[in-house]
Amino acid sequence: MRVDVFTIFPGIVNGFCSESLLGKSRENGLLDLRCHDVREHTSDVHRTVDDAPFGGGAGMVMRPEPIFACVEHVDPPRPLFLLSPGGHRFDQKLAAELAATHSAPSGGFSLLCGRYEGIDHRVREHLVDGEISIGDVVLSGGEVAACLIIEAVTRLLPGAMGNAMSSVTESFSGTGLLEEPQFTRPADFRGWEVPNILRSGNHAQIDRWRLAQALHRTLAQRNDLIEARQGLSNDELALLEEFPALPYP
Ligand code: SAH
């Protein structure tokens, strides 16, 4: 999958995306990440990328010329998304849609990072295909948002994760539930014991326990997800009765 990022701080994105799973995915060719420095496409001696807003007001706005010049020079894979607090809220569903672009004719997608007070509106109107927000919070720039999106998308690519099942059973995927609580060794840590059923070897019961705990945890922590899947079935209610919930903070 090719991902192009347009930014005045390519080092932030390149650095983050060189470690761990992302670094490996780039090394083995699964992720072809190309970061482009918008500042290289300025034409004045000071390499200015921002200017004061028309109409007055605080802060600076990114100028359209270097952004258009950089994007047009590269001709990146589309769709090209502007990162912006007003955009479509990024979630697991959008991550899966972006991961699917790896097999589309474009072979990927692109991200444009703003800075300062934001970007000249003509970029939004005439250059990008859409806008993505990572949540109702304001960052100082789009770079961290780009890293977040690239990480969530890359781990969904076939072959990116060692255990291919892990992205199917985890939170927000498939069942629409949060993942059940997980435990590893030691079985007894400071007197807090791992539930016996997980050590029973009875895999049919373990599966039922896990589903019950995923339901309990989702009810306790994200009831909106239960509502989104139209509540609980009678079988699920019976399962909740059979296996009591683990404690949640
Ligand atoms: N003045 C703008 C915020 C600008 S923040 C406003 O009130 O909407 C500067 C840049 O950071 C933005 O251009 C955008 O690229 C990035 N950014 C900030 N918050 C973001 C968010 N929640 N999601 C994605 N990008 C964000």
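Per-structure values
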| quantity | calculated |
| --- | --- |
| DSSP-assigned coil residues among trypsin sites (Lys or Arg not before Pro) in the range 20-108, each with at most 14 further Cβ atoms within 10 Å | 47 |
| Relative contact order %, the range 2-154, counting alpha carbon pairs below 8 Å whose residues are six or more apart | 31 percent |
| Candidates per GluC sites (Glu not before Pro) in the range 1-67, loop by DSSP, up to 10 other Cβ within 10 Å | 19 |
| Pairwise centroid distance, computed over Cα atoms, of the range 200-237 with the range 1-77, Å | 43 Å |
| The range 2-154 - accessible surface per residue (Å², probe 1.4 Å) | 50 Å² |
| Whole-number accessible area per residue in Å² for the range 169-249, which is evaluated in the context of all protein chains at 1.4 Å | 68 Å² |
| Residue-averaged [θ]222 nm for the chain, counting only DSSP H segments that reach four residues, each worth -39500 (n - 2.57) | -10500 deg cm²/dmol |
| Within the accessible area of the range 38-108 (1.4 Å probe), percent carbon and sulfur | 55 percent |
| Highest-MSF residue in the chain out of 224, 50, 188 [GNM, Cα springs under 10 Å] | 188 |
| Per-q log10 I(q)/I(0), the range 1-114, q = 0.10, 0.11, 0.14 Å⁻¹ (Debye; single scatterer per alpha-carbon; no solvent) | -0.35, -0.42, -0.66 |
| With every protein chain in place, the range 169-249: carbon and sulfur % of accessible area (1.4 Å) | 51 percent |
| Estimated Rh, the chain: Kirkwood, alpha-carbon pairs, angstrom | 20.9 Å |
| Beta bridges by DSSP in the chain, antiparallel share as percent, to the nearest 5 | 15 percent |
| Neighbour cut-off at most 16 other Cβ (10 Å), DSSP loop, chymotrypsin sites (Phe, Trp or Tyr not before Pro), the range 50-150 | 54, 116 |
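The values are calculated or read from the model by the stated rules, or taken from the named source; none is laboratory data. Since this is a predicted model, take the numbers as computed values, not measurements. Methodologically, a virtual Cβ is constructed for each residue, glycine included, from the backbone with ideal geometry; neighbour enumeration extends over all protein chains shown. For accessibility, only protein heavy atoms count, side chains too; no ligands or nucleic acids. Shrake-Rupley method; radii C 1.70, N 1.55, O 1.52, S 1.80 Å.
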